[in-house]
Amino acid sequence: MGSVKTLETEVCILGGGPAGMVLANLLHEENVSCVVVEKLDPESIKAEGRAGIIEWTTVEALQQHGLAEQMLSDHRTQGQCEFRTPEWTFMLDYASLNGGKVHTVYPQTDLVYDLSNVFEQRNGQALYRIEGQSIEQSNEGVTLNCVQADGEQLTIHASFLVGCDGGRGLSKRAIPKEAVRVYHQAHNIHWIAILAQAKPYFPYTIYAMHPDGMAAFLMRNDSVCRYYLQIDGDDDLENWNEDRIWATLEQRFFMGNKNLHRGNIFKINKMSLRSLVTDPMRYQRIFLAGDAAHLIPPTGAKGMNLAIHDVLVLAELLIDHHHGKIDSGDLDLYSKKRLPLIWKAQNFSLQLMNMIHKHPSDFDQELWMSKMKQLQTSPAFATDFSIDYVGIL
């Protein structure tokens, strides 16, 4: 084996998804040296993307930094969603209730591609197919030991490391369990998550509450659709072929009376919904962002938006530290600023999750159906819901 290659940088960003690439662009814009380390190649990253509903606050922030140009030229907006049961349907015009703010529909895969292109055009340094092996900290800095795709070793020395590498990533594992408190809740709700190459049947998000379980539709673009199906926890994916999936979706959306635009299902996985929050989101020279710091049920489409707002706050602090405006102790403001809003987003997503799902208890079913009826009959509740739905910072 040859000698170990080394790199020096101020901030090492582990993970090249939306949060990692936004942070890299913001730091590079202010001449803070950084390097992005990603274990996948760019094409594989595109296959990983799941999200696609972007809140107005996220779009506004990206636009301010010149990171939204392509998205704004090739996107849809959405200001309504529909709730339906076999007995009734209810359209929530949330844009009219929150001052005209809407969601932007743009696939996560396309956003990551755009952010990576901007970073490359700005001569930023992103290293792909490199996997982190271990992280070491000292008073002088943090060291990431990596292995490259060809088996060669790479060591990166940095002042700080930001983990944007997900809930099972190296950055989270590098933090001693006793150094943080992890709040975790499993919800005993299970989904099949589906990506299909198919023309959208609906022009907006649909939540269907059926006696057999929830079904949801979230648009990605003119040819890709995201569907969710609630299933029993002991059900296996092997029991769900494409014909059964489409028939079940049609049953829950239309009681079997209409057909969706069917197409090739190119990605399917089983999900068990859970919530998690790490407090604080910093350990010495390691910062956690996005799924590495918190997990949230996808019902409110908050995950990617929270991750991007994490790094917007962290970037500002790291830039101020770089320019000598704050000391390292002030970087604790990252957790103090973000955690209240993360908990607020958790509360909203759990509320929506419970409102739309089938529950094993009749009491719980009626309790949450009463909340759904409140959404239809209380202007104050509907307004508060609409404001939180379209944008929690």
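Beta carbons closer than 7 Å, at least 6 apart along the sequence or on distinct chains, pair a first residue in the range 260-274 that is closer than 16 Å to residue 229 by Cα with a second that is hydroxyl-bearing (Ser, Thr, Tyr) for 260/201.
Considering only the range 350-363, I want to know if a residue exists there that is in a helix (DSSP H, G or I), among the charged types (D, E, K, R) and either at pLDDT 95 or above or out of contact with any Lys or Arg (no Cβ under 8 Å at 6 or more places or on another chain) (or both). Checking the range 350-363: at least one residue is in a helix (DSSP H, G or I), among the charged types (D, E, K, R) and either at pLDDT 95 or above or out of contact with any Lys or Arg (no Cβ under 8 Å at 6 or more places or on another chain) (or both).
Listed here are the residues, each with its yes/no results for (1) closer than 22 Å to residue 297 by Cα; (2) in contact (Cβ under 8 Å) with a residue 60 or more places away in the chain; (3) in a loop (DSSP other than H, G, I, E, B).
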{"position": "333", "(1), (2), (3)": "no, no, no"}
{"position": "340", "(1), (2), (3)": "yes, no, no"}
{"position": "348", "(1), (2), (3)": "yes, no, no"}
{"position": "371", "(1), (2), (3)": "yes, no, no"}
{"position": "376", "(1), (2), (3)": "no, yes, no"}
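Quick one: in the range 12-38, which of the residues that are touching an Asp or Glu at 6+ places or on another chain (Cβ under 6 Å) and of a type in the set (A, V, I, L, M, F, W, C) is surrounded by the fewest Cβ atoms within 10 Å (Cβ to Cβ)? Walk me through it before giving the result.
First, the residues of the range 12-38 that are touching an Asp or Glu at 6+ places or on another chain (Cβ under 6 Å): 14-16, 32-33.
If we keep only those that are of a type in the set (A, V, I, L, M, F, W, C) as well, we get 14, 32.
Working: 14: 32, 32: 21.
For the range 12-38, the residue satisfying everything is 32.
Set side by side, the residues 351, 346 differ, and just one is surrounded by fewer than 22 Cβ atoms within 10 Å (Cβ to Cβ) and more than 15 Å from residue 55 (Cβ to Cβ), which is 351.
Among the residues of the range 339-351, which ones are touching a helix residue (DSSP H, G or I) at 6+ places or on another chain (Cβ under 6 Å) and over 14 Å from residue 295 (Cβ atoms)? Selection gives 348 alone.
Scanning the range 104-134 for residues that are under 17 Å from residue 9 (Cβ atoms) and either out of contact with any Ser or Thr (no Cβ under 7 Å at 6 or more places or on another chain) or of a type in the set (S, T, N, Q) (or both) turns up 119, 120, 122, 123, 124, 125, 127, 128, 130, 132. Close Cβ contacts (under 8 Å, 6 or more residues apart or on different chains) running from residues in the range 233-244 that are farther than 20 Å from residue 358 by Cα to residues that are aliphatic (A, V, I, L, M) and surrounded by 10 or more Cβ atoms within 10 Å (Cβ to Cβ) comprise 242/265. Within the span defined as the range 250-257, one or more residues are in contact (Cβ under 8 Å) with a residue 12 or more places away in the chain and surrounded by 21 or more Cβ atoms within 10 Å (Cβ to Cβ).
Considering every residue within the range 286-303, establish whether at least one is closer than 22 Å to residue 230 by Cβ, free of Cβ contacts under 8 Å to residues at least 40 places away in the same chain and touching a helix residue (DSSP H, G or I) at 6+ places or on another chain (Cβ under 8 Å). Checking the range 286-303: not a single residue is closer than 22 Å to residue 230 by Cβ, free of Cβ contacts under 8 Å to residues at least 40 places away in the same chain and touching a helix residue (DSSP H, G or I) at 6+ places or on another chain (Cβ under 8 Å). For the residues 93, 41, the requirement of being surrounded by fewer than 18 Cβ atoms within 10 Å (Cβ to Cβ) and within 30 Å of residue 150 (Cβ to Cβ) singles out 41. When you look at residue 311, is it buried (at least 18 other Cβ atoms within 10 Å of the Cβ), at pLDDT 95 or above, of a type outside the set (Asp, Glu) and not in a helix (DSSP H, G or I), yes or no? The answer is no for residue 311.
Does residue 226 fit the bill of being touching a strand residue (DSSP E or B) at 6+ places or on another chain (Cβ under 8 Å), closer than 30 Å to residue 28 by Cβ and modelled with pLDDT under 95?
Details: touching a strand residue (DSSP E or B) at 6+ places or on another chain (Cβ under 8 Å): yes; closer than 30 Å to residue 28 by Cβ: no; modelled with pLDDT under 95: yes.
For residue 226, the condition - touching a strand residue (DSSP E or B) at 6+ places or on another chain (Cβ under 8 Å), closer than 30 Å to residue 28 by Cβ and modelled with pLDDT under 95 - is not met.
Screening residue 116 against (1) surrounded by fewer than 19 Cβ atoms within 10 Å (Cβ to Cβ); (2) touching a residue at least 12 places away in the same chain (Cβ under 8 Å); (3) under 18 Å from the mean Cα position of the chain (by Cα) leaves a single unmet condition, (1). Identify the residue in the range 124-152 that is touching a residue at least 60 places away in the same chain (Cβ under 8 Å) and over 19 Å from residue 44 (Cβ atoms) and, among all such residues, is surrounded by the most Cβ atoms within 10 Å (Cβ to Cβ). Looking at residues that are touching a residue at least 60 places away in the same chain (Cβ under 8 Å) and over 19 Å from residue 44 (Cβ atoms), I get 144.
Can you give me the number of residues within the range 131-184 that are of a type in the set (Asp, Glu), in a strand (DSSP E or B) and at pLDDT 95 or above?
Step one: list which residues in the range 131-184 are of a type in the set (Asp, Glu), which gives 131, 136, 140, 150, 152, 165, 178.
Going one step further and asking which of them are in a strand (DSSP E or B), we end up with 131, 136.
Of the ones still in play, those that are also at pLDDT 95 or above are 136.
Number satisfying all stated conditions: 1.
The values are calculated or read from the model by the stated rules, or taken from the named source; none is laboratory data. Since the structure is predicted, the reported quantities are computational estimates derived from the model, not experimental observations. Here Cβ is always computed from backbone atoms with ideal geometry, including for glycine, and neighbour counts include all displayed protein chains.
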